[in-house]
Amino acid sequence: MKYGKLGALGAAAVLVLSACSGSATTPPAASSGSGASSAPVGSAPASSGGAVTPGAWCVGGTVKIGTELPMSGGETANGVPTENGVELLVAQVNAAGGVAGCKLATNVQDDALNGVHDPQTGAKNMQTLVADASVMGVVGPFNSGVAEAEIPISNGAGLLMCSPANTANAVTQPPDGDQYRSAHPDKISYIRTATPDSIQGPSAADYLYKDLGKTSVYIIDDTETFGVGVGDSFEAEFKKLGGTVVKRDSAPKSTTDYTPLFTAAAAMNPQGVYLAGTTPTGMGLALKQGRTVSGMETIPFVGPDGVADLGPGGTQGATITIAGAAAANVYGTVGAAHDLASGSTFVADYTAKFGGAPGAYSAAAYACAQIIVASLTKAAATATDLASAREGVRANAVNSANTFTTALGTLSFDKYGDNTKPFISFYKTDMTAAGGKGDWVFVKQESFTDPNAP
Amino acid sequence: MTVNLPRFARPLGIGAVALIVEYLLLGTQQFANALTLGAIYALIALGYTMVYGIVELINFAHGDVFMVGSFLAMWIMTTIFGLTGPVTNLVNLVGLLAIVMLATMVGMGLIGAFIERVAYRPLRHAPRLAPLITAIGVSFILQNIIATAFGPSPVNFPQIVPADKFALMGARIAYLNLFIVIMAVVLMIALQVFIGRTRLGRAMRSTAQDREAAELMGVDINQTIAITFFIAAALAGAGGMVQGLYAGSIKFDLGFFVGLKAFTAAVLGGIGNTTGAAIGGFVIAFVEVYATVIGYTQWSEVAVFTVLILVLVFRPSGLLGQQLGERA
């Protein structure tokens, strides 16, 4: 019975999808669809005519952008709006005549198994995309764990992946990153627009020390890979700035009472607290209980994006819902761009096409697709068949000398495939927002270079 | 010749020594924290020990019964009473707490008796392993029901007790902590009186000693076991409610680790012995808080389960294990 229902859900998601790609043939809002945001397409010399005969490489007149995202079950809200970003660009490019006369389509793969993202399913999908010779590049995956299963496959086959959402350092950086691309270490196949986790810690340390002027801090982590990682990098940067870490604790997510921890820490009078972890792994409870301890009632609490969970479309996230009044004076970093590039019509285009606000990673997926299209435009000049076009896309996209004009701004990628100027957005809680229920409000956005980068 | 002490003198002595040692090592503030946590563990440990005493079943679903209790209390508060924030009127607050606690305990008691009826009673004469595995199955069923109904994310628990504190010997202690400890102690005393002084309690004790003989003497075994499960689940429900009040947010997998720790407390005190379970709860909480105080939070669980192993190796019948004959 349960599987039957899940199957129905999956089928519903596929229906929604096919509805999306069906409407993709209709050009959105005439030519204004390809505004400043898709400048690289407009500026491509071959596409200016709009009725150019595609080169021999463009077999059948159409090539594809693959998408590999979790699209069904509980992950629908993650995958579908992200995939829509790609569909939007494909529609815009086709309306403008395609890439060097070659029309675009999508090959949509879903890595959710029974409604949850699954690395094995992702790996299988990646093999499907590799086998489809007309796929020029892939946007995805959404989850870092899935990426770790997929990169060895795409690296072996020389198929470009651009992830809008992966943040784990291990995906790209040594020693793990080296292993994933061991088939062709010289030909990396993976880039990402999202900000690696290691940058959130130092940027939060900078913010607490410089912007908020606090010189001592108590750090508590959730003992998980992400939490310990951001905790360590926060600690290193805070000490480097001259601050004092009065106490560092690690509390597993099974902890049901954080009061003793905060009682012990409060005795050392920290001026701030860094919550290194996520709300579901205990930081929500730590915040709520920590606030009840004398001396902790009003000092700033800072956390990474696991705490600053903005919720869909920037609405109130779980942290504020759980912590209630305790969420006052809490700050958070998010490893993504809050502002799009100036002049970008992305949000308006997206809303016009899909009838709702974009998801958190829609613009990044759109930017990934823009990078693939720009790389393909370049590659089209010399490509002779699908294989050489695919290789040209990969080589152009990962070339650290290239820069790309995207909805997120001008992007370039380092030798590991990481964004050279990763974005960090700072948020703080405002308990009077959202009709008194409280919400995260945007403070500022920075391009932040990791001071502890390898 | 042995000195004939009253039979509660030994547990009282052990309890008093444990509390004094705790206080000296922790200081007032952390002692209050440990006492509160211990009260919650003790309420759950009582259920483990009662059920084991009467049917010799380690009811691994008990931690999840506790979790369901906190969700039931949350549901009653938010859906029936529409509570979201602190209730400042003292009379209203006490009344609400009493009503919600009573409703939660009765509701959980019925759920506990129902679980016994459908999951354990059919297996009463099966090999010992069968009900143990059923218990694990019930645990998963309860977790998944709650995860489906309330979602897998932490859920907010209305903080109806204001966060006010009072000063005591250099520490600032919340009234909520005081309420939790007093409530737990009252429930434990009530349980002791029930087991020791009432007809049903006598039926429980006799069933624990020798089920067949008790049946021959006219004790309704099915009813007695059902009542044991009812009481065990009701106490866990009360524990779940105060856990919610204390922590402020609850989650569907909350019962797993808390249950394991309470089980450790029950074993430490001597499984089958209700006084031992209560003392065990406070000792386990103390070990956990002390690990935090000396800066080894990530080792607190290791410490708790090391205690379990040491007890099983050196004193398999627990602190008060020699009283096993009077279990239940």
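Okay, here's what the table says:
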read-out	value
Residue satisfying all of: in segment B:168-207; small (Gly, Ala, Ser) and within 10 Å of chain A (Cβ to nearest Cβ); surrounded by the fewest Cβ atoms within 10 Å (Cβ to Cβ) among these	B:171
Odd one out for residue B:148, checked against (1) surrounded by 14 or more Cβ atoms within 10 Å (Cβ to Cβ); (2) within 14 Å of another protein chain (Cβ to nearest Cβ)	(1)
Selected residue [closer than 26 Å to residue B:55 by Cα and of a type outside the set (Ser, Thr, Tyr)] from B:151, B:82, B:107	B:107
Residue A:233, sole failed condition from (1) within 14 Å of chain B (Cβ to nearest Cβ); (2) buried (at least 24 other Cβ atoms within 10 Å of the Cβ); (3) farther than 19 Å from residue A:330 by Cβ	(1)
Pairs where the first residue, in segment A:107-118, is without any contact (Cβ under 8 Å) to a residue 12 or more places away in the chain and the second is not small (Gly, Ala, Ser), C-beta under 7 Å, 6+ apart	A:113/A:121
Flag for residue B:225 being in a strand (DSSP E or B) and over 20 Å from residue B:103 (Cα atoms)	no
Among residues of segment B:106-150, those that are touching a residue at least 12 places away in the same chain (Cβ under 8 Å) and not in a helix (DSSP H, G or I), counted	2
Enumeration of residues in segment A:237-254 that are within 30 Å of the chain's Cα centre (by Cα), closer than 17 Å to residue A:212 by Cα and either facing chain B (nearest Cβ under 9 Å) or of a type in the set (A, V, I, L, M) (or both)	A:241
Residue match in segment A:291-299 (condition: within 14 Å of another protein chain (Cβ to nearest Cβ), crowded, with 24+ Cβ neighbours inside 10 Å and either of a type in the set (Val, Ile, Thr) or in contact (Cβ under 8 Å) with a residue 12 or more places away in the chain (or both))	yes
Residue in segment A:355-376 that is outside any loop (DSSP other than H, G, I, E, B), surrounded by fewer than 23 Cβ atoms within 10 Å (Cβ to Cβ) and in the same structural domain as residue A:86 (by TED's automatic domain parsing) present	no
Test: residue in segment A:76-90 that is surrounded by fewer than 19 Cβ atoms within 10 Å (Cβ to Cβ) and more than 24 Å from residue A:380 (Cα to Cα)	yes
Members of segment B:234-281 that are surrounded by fewer than 24 Cβ atoms within 10 Å (Cβ to Cβ) and among the aromatic types (Phe, Trp, Tyr)	B:256, B:257
Only one of A:274, A:258 that is more than 8 Å from chain B (Cβ to nearest Cβ), over 22 Å from residue B:173 (Cα atoms) and of a type in the set (Phe, Trp, Tyr)	A:274
Residue A:321 vs. criteria surrounded by fewer than 20 Cβ atoms within 10 Å (Cβ to Cβ) and either under 30 Å from residue B:157 (Cβ atoms) or of a type in the set (Ser, Thr, Tyr) (or both)	no
Which listed residue, of B:266, B:291, B:262, B:278, is among the small types (Gly, Ala, Ser), facing chain A (nearest Cβ under 10 Å) and touching a helix residue (DSSP H, G or I) at 6+ places or on another chain (Cβ under 9 Å)	B:291
Test for residue A:345: is it more than 14 Å from chain B (Cβ to nearest Cβ) and in contact (Cβ under 8 Å) with a residue 40 or more places away in the chain	yes
Hey, residue B:49 of a type in the set (Ser, Thr, Tyr), crowded, with 24+ Cβ neighbours inside 10 Å and either touching a Lys or Arg at 6+ places or on another chain (Cβ under 9 Å) or not in a helix (DSSP H, G or I) (or both) or not	yes
Selection from segment A:302-321 of residues that are within 14 Å of chain B (Cβ to nearest Cβ), outside any loop (DSSP other than H, G, I, E, B), touching a Phe, Trp or Tyr at 6+ places or on another chain (Cβ under 9 Å) and at pLDDT below 80	none
Selection within segment A:114-132 - more than 21 Å from residue A:158 (Cα to Cα) and buried (at least 18 other Cβ atoms within 10 Å of the Cβ)	A:117, A:118
Count - residues of segment B:231-249 that are touching a strand residue (DSSP E or B) at 6+ places or on another chain (Cβ under 9 Å), more than 9 Å from chain A (Cβ to nearest Cβ) and over 24 Å from residue B:194 (Cβ atoms)	1
Close pairs (6 angstrom Cβ cut-off, 6 or more residues apart or separate chains): at pLDDT 90 or above in segment A:227-241, in a helix (DSSP H, G or I) and aromatic (Phe, Trp, Tyr) anywhere	A:241/A:209
Filtered residues of segment B:1-59 (kept if within 26 Å of residue B:117 (Cα to Cα) and either within 12 Å of chain A (Cβ to nearest Cβ) or at pLDDT below 75 (or both))	B:41, B:44
Which numbered condition residue B:120 misses (of (1) within 13 Å of chain A (Cβ to nearest Cβ); (2) among the aromatic types (Phe, Trp, Tyr); (3) surrounded by 16 or more Cβ atoms within 10 Å (Cβ to Cβ))	(1)
Residue in segment A:204-223 that is more than 19 Å from residue A:336 (Cβ to Cβ), at pLDDT below 90 and of a type in the set (Val, Ile, Thr) present	yes
Residue B:307 modelled with pLDDT under 90, more than 14 Å from every other protein chain (Cβ to nearest Cβ) and over 22 Å from residue A:223 (Cβ atoms)	no
Any chance residue B:160 is among the β-branched types (Val, Ile, Thr), within 14 Å of chain A (Cβ to nearest Cβ) and touching a Ser or Thr at 6+ places or on another chain (Cβ under 7 Å)	no
Tally of residues being buried (at least 17 other Cβ atoms within 10 Å of the Cβ) and without any contact (Cβ under 8 Å) to a residue 40 or more places away in the chain across segment A:380-394	1
Some residue of segment A:442-454 being modelled with pLDDT of 85 or more, on the phi < 0 side of the Ramachandran plot and part of a loop (DSSP other than H, G, I, E, B)	no
Residues (surrounded by 14 or more Cβ atoms within 10 Å (Cβ to Cβ) and in a loop (DSSP other than H, G, I, E, B)) located in segment B:80-101	B:81, B:83, B:86, B:87
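The values are calculated or read from the model by the stated rules, or taken from the named source; none is laboratory data. As the structure is a prediction and not an experimental result, all values here were calculated from the model. A quick note on method: Cβ atoms are made from the backbone with ideal geometry, for glycine too, and the neighbour counts reach across all protein chains shown.
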